[in-house]
Structures are given as structure tokens and as C-alpha cells.
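Remarks on the structure that follows.
Please treat every number below as a calculation from the coordinates, not as lab data. What you see is a predicted model, and the numbers here were worked out from it, not measured in a lab. Heads up, the Cβs are rebuilt from the backbone with ideal geometry, glycines too, and the neighbour counts pull from every protein chain shown.
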Amino acid sequence: MASLTVRKLDEVVKDGLRLRAARHGRSVEDEVRSILREAAAEPEPGRAPDERPQNPAPTARQAPAAPRRTAPMPGGGGRVLLIIGAGIAAYKSLDLIRRLRERGAHVRCVLTRAAHHFVTPLSVGALADEPCHTDLFDPRSEFDVGHIRLARDCDLIVVAPATADLMAKIANGHADDLATAVLLATDRPVLLAPAMNPMMWLNVATRRNVARLLQDGRHLIGPNRGEMAEAGEAGVGRMAEPLEIADAAQALLRPKSAGVLAGTRVLITAGPTHEPIDPVRYIANRSSGKQGFAIAAAVAAAGAEVTLVSGPVGLPDPEGVKVRRVETAADMMASVEAALPADVAIFAAAVADWRVAAAGDQKLKKTGEAPPSLPLVENPDILATVSRMEERRPPLVIGFAAETEHVIAHAKAKLARKRCDWILANDVSPESGVMGGDLNTIHLIRDDAVESWPRMSKDEVAETLVARIAAWRESRTT
Ligand code: CTP
């Protein structure tokens, strides 16, 4: 099929097209499509082709200024409703519109009233190629695309920037303007890209709202750590970059039946290892394996082919996962090597760093003399070994960093030392309750970027990780 570039037409023709498009409330591009569709249509019986009316009278659907109805994009780009909140990061949302459209998405925008201070409806509408919506009681909107229609005529809602105030309203079910009314009326997935001052992000009220939003099944991307617009301020609160948001949106837009990780081979380690002292005693740690098992379940549910190599834990096999149960670090190393190749490897196991150099064949007995000395030798570092493989290294290697202090600094050093691609750093100090507990606080570290996730359940950590891996996979194929 030939493709036409409207820009290359004569100015007079372009002016005519603009007038026609304005009269029909369409974009120029849509007007051209409609003319072509008309020209290609079979003539009605009894009417010769040249009798076709040149300027059909506008119908109700074509009433002037009525925004066009969205349809799924060819190629499955999806329909995104972008809600732009009132934050300095709103300028990045202009770029986000382009990034989403580049990926084939149809983008329709809602601007909150206060967001007008940061970007204009004109620039948003121009980039989205359709007028943006601003008012809950806009008679024009209510006529054709009221808030209920906006809430339903899309496959995904993205809120960027999601300000502290907007998140509080969504968490509490307010509906006092167009953006919040749409969010309350929707049954579509919602992706929030928070942006606020670090103190606001850390505020106990925001923490509570974020936890509630995650519990309600909303998805979050960012915020990232970095410098703030306010001079001299830095911390977690910067909105994720438009490319990151677009990748996360695209991952959420993939048809669920196919699974966002369909066709991906994922290898995961989980649980502790037991290093024998003698046939009845061993060295171990407090890892429950819950986080690794939750990741295996979420990754499998997303359609991946999963092998889980687990140390001794009391957890059932997750559905659809190939599970290899092992005891020691050496067994785990062998089992991991046997499970390669893989596209993604996630090392969530709390592998014992040392083993007893010469474990006794028989139970060690008290002799009434000095207790036995147990010389230790270092275990293989499975993550570092796989990260350094030349031929069978998975393209994405993810480690965990269990730290009790200076979590991010130690984790960054670990990322460099072990040569993996991402590290999920978590605080495992006794007061955090992470070891054996159900909650986790994660910082995702890749290159120099640190993304701090709010405290969430281990299942939610797994879901969030799936979304990041899906976005990574998407970025490699686009
Ligand atoms: N890891 C591994 N094999 C080991 C030790 C650790 O594969 N022998 C992996 C873990 O699964 C995790 C990462 O390395 O993904 C970091 O584990 P952690 O226990 O935090 O770090 P250590 O290497 O043990 O370093 P340190 O004890 O100094 O913190």
C-alpha cells in the first residue's frame, strides 16, 4: 500500500483540507482517510459515482468540534488516556505523548485545571492530534466524550505526573474534577508516574496513599532519585523519564492472553542453602524463599518458561514452574549451570557464603575436650559466576543485595563487583522484618539510576519486577 505525506501537498490543497477537517471536527490526517474511504467505497445503487455529494452535511457524529472516537490502532498500539497532573514534570508529559504515539498508541489527554499552569491545552492537543479535555462540565465533552466515555474508550490510563494531591484523591475515591471522575469511573489498568518533592514522597500520608493504590491494583513507575526543580534539593521524587513510562505502558498494553513475558526463558534461585557440618547439623540462614517463589509465580503467570532452583524451604511448587530442589551452594551452582541457557536470570537465593571445609561423615561427638574447630571455605558465587560467563550469560542478569546498613551504597558496589545488570537492594536488618516476613522495601539499581519502590508485599515486588522485565524486553525489540 502506498503511504501519503500530507505535508508534501500544495498549500492550496492543504488549506482546503484544513478547512474541511475543521468543519468535520477531525484532524487533517483523519479527513484524508475519510476522503479516501469515501472514494474507494462502492457507489450506492442507482447513484453514479460522480453524483456522490462532495461535502456531505455533518451528521451528529461529525458535528463541529466533536472529538473523534478512538479505535484500537492497527498493529495493536492500544488506546492510552494520559492524565496530566499539576507538577513541574508536566513538561515531560509532552514528550511522553510523542513516545507513546511512536509506539503506535492512540493518545487522548486530560489536563487537570491546575496543570494549565505548567503546560497548555494547545500544546498537549497538538502533540496528541486531538483536542485535550479539561473540564468535567464541558458541554462539548459531555455531548460526545463525557467522563464515562473517556474512562472506557481506552485500554490504559497513564497519570503523569501523578502529584501527591492527585494520588491522595485517587486513593480515597474523590471525583471532583474531570481527571478524578474518569479515574473513579474506569475499569481499565492505571499506571501512575509519581512526581513530587522527596519530603512529600516520604510523608506518612503519601506512604499510606501509595500502599492503598498498590493494594487497589494500580501500577507505579518511579519516582526516580535525582535532583529536584527546587534549587539544592535532591532525593526520591523525580518523575520517571518519558521513555521509561512509555515502556511500562507498552508492557501493560500487551494482550494478557499472550502474557507479557511469553517466549522468555527465566531462571530463578530462591531460599537459603544448607551447608553440612555433619550428617545432622548444618549452617543456614533465615531466608524463607518467599520472595524468589513469588517472583517465579508472577513470571510464570506472565507467560515465561520458568526454572526455579530452590534451597530447602517449606513452600509448594508455584504453578507452571519447573522446580529443582537443592541443599547446598555447590548443588545450586550445578543446577543453575544445567538450567542455562536463559534470557533472564534472577538470583534471589540467600546462598551461604561459606561451607565447612571437611564436613564429618559421622555425627560429631562431645569429647569432654575443646569443641571442634570448623574451618570454612568460600562457596562459589553463583551470581558472579553467571554474570561473567562469556558464552551462556543471559542477556539480563538480576541480583539481590541483602544489606543491613548503607543499603544503596553497598548494593551499588555489589552491582559493580558481581557484574550483573540490575540489583534489587533490600534492607534485611532485624528491625525491617524482611527476612521471613511478607513485606519488602526494594531499591532497583541499574547503572547509575536508582528507583525506590514503596514498601509492598513480596507478591507486589514480584509483579513490579515482571513489569520492569517486560519493559526491558520491549525496549530490546523496538
Ligand atoms: N549470591 C550468589 N552466590 C553466592 C552469594 C550470593 O549467587 N555464593 C547472590 C545472591 O543470590 C544475591 C547476590 O549474590 O543475588 C548478593 O547476595 P548477598 O548475600 O547480598 O551478598 P554477598 O555476595 O553474600 O555479599 P556480602 O555477604 O558481602 O554482603
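Amide hydrogen proximity for Val159: with H placed 1.01 Å from N in the peptide plane, the residues at 5 or more positions away or on another chain lying under 5 Å are Ile83, Leu191, Leu192, Ala193. Note on Arg417 and Glu405: the model spin-label points, each 7 Å out from Cα along the C-beta direction, lie 1.6 nm apart. Electrostatic tally near Val397: other residues with Cβ closer than 12 Å to its Cβ, Lys and Arg +1, Asp and Glu -1, net +4. What the Cα convex hull of the range 131-282 gives, in volume per residue, is 206 Å³.
Taking the fewest neighbouring Cβ atoms within 10 Å as the starting point, the ordered list for Arg281, Arg238 is Arg281, Arg238. Using only the C-alpha atoms, the convex hull of the range 218-305 corresponds to 166 Å³ per residue.
By other beta-carbon atoms within 10 Å, ranking Tyr282, Tyr91 with the fewest at the front produces Tyr91, Tyr282.
Each peptide in 285-296, 303-314 was scored by the mean count of other Cβ atoms within 10 Å over its residues; highest first, the order is 285-296, 303-314.
Cβ-to-Cβ counts within 10 Å put Arg446, Arg113, Arg476 in ascending order as Arg476, Arg113, Arg446, the fewest first. Working from the Cα coordinates of the range 325-478, the gyration tensor eigenvalues give, after taking √(5λ), semi-axes of 33, 21, 14 Å in decreasing order. Remark: spin-label model distance Asp438-Arg152 equals 3.6 nm, labels positioned 7 Å along the Cα→Cβ axis. Maximal additional length on extending the Ser373-Glu431 stretch stands at 17.7 nm, based on 0.36 nm per residue less the C-alpha distance. Based on the Kirkwood approach, the hydrodynamic radius assigned to the range 94-198 is 14.1 Å, with every pair of different Cα atoms included. The H on the amide N of Val323, modeled in the peptide plane, is under 5 Å from the matching H of Leu308, each at least 5 residues off or on a different chain. Relative protection proxy for 242-253, 422-433, from highest mean packing down: 242-253, 422-433 (other beta-carbon atoms within 10 angstrom). Estimated from the Cβ-Cβ distance and a Förster radius of 51 angstrom, the FRET efficiency linking Ala338 and Asp135 is about 0.25. Applying a threshold of 27 Å to the alpha-carbon distances of Lys290/Lys366; Lys290/Lys322; Lys14/Lys92; Lys169/Lys412; Lys290/Lys418 flags Lys290/Lys366; Lys14/Lys92; Lys169/Lys412 as lying beyond it.
Each Cα pair of the range 401-477 feeds into the Kirkwood radius, which the Stokes-Einstein equation turns, at 4 °C and 1.567 mPa s, into a diffusion coefficient of 99 µm²/s.
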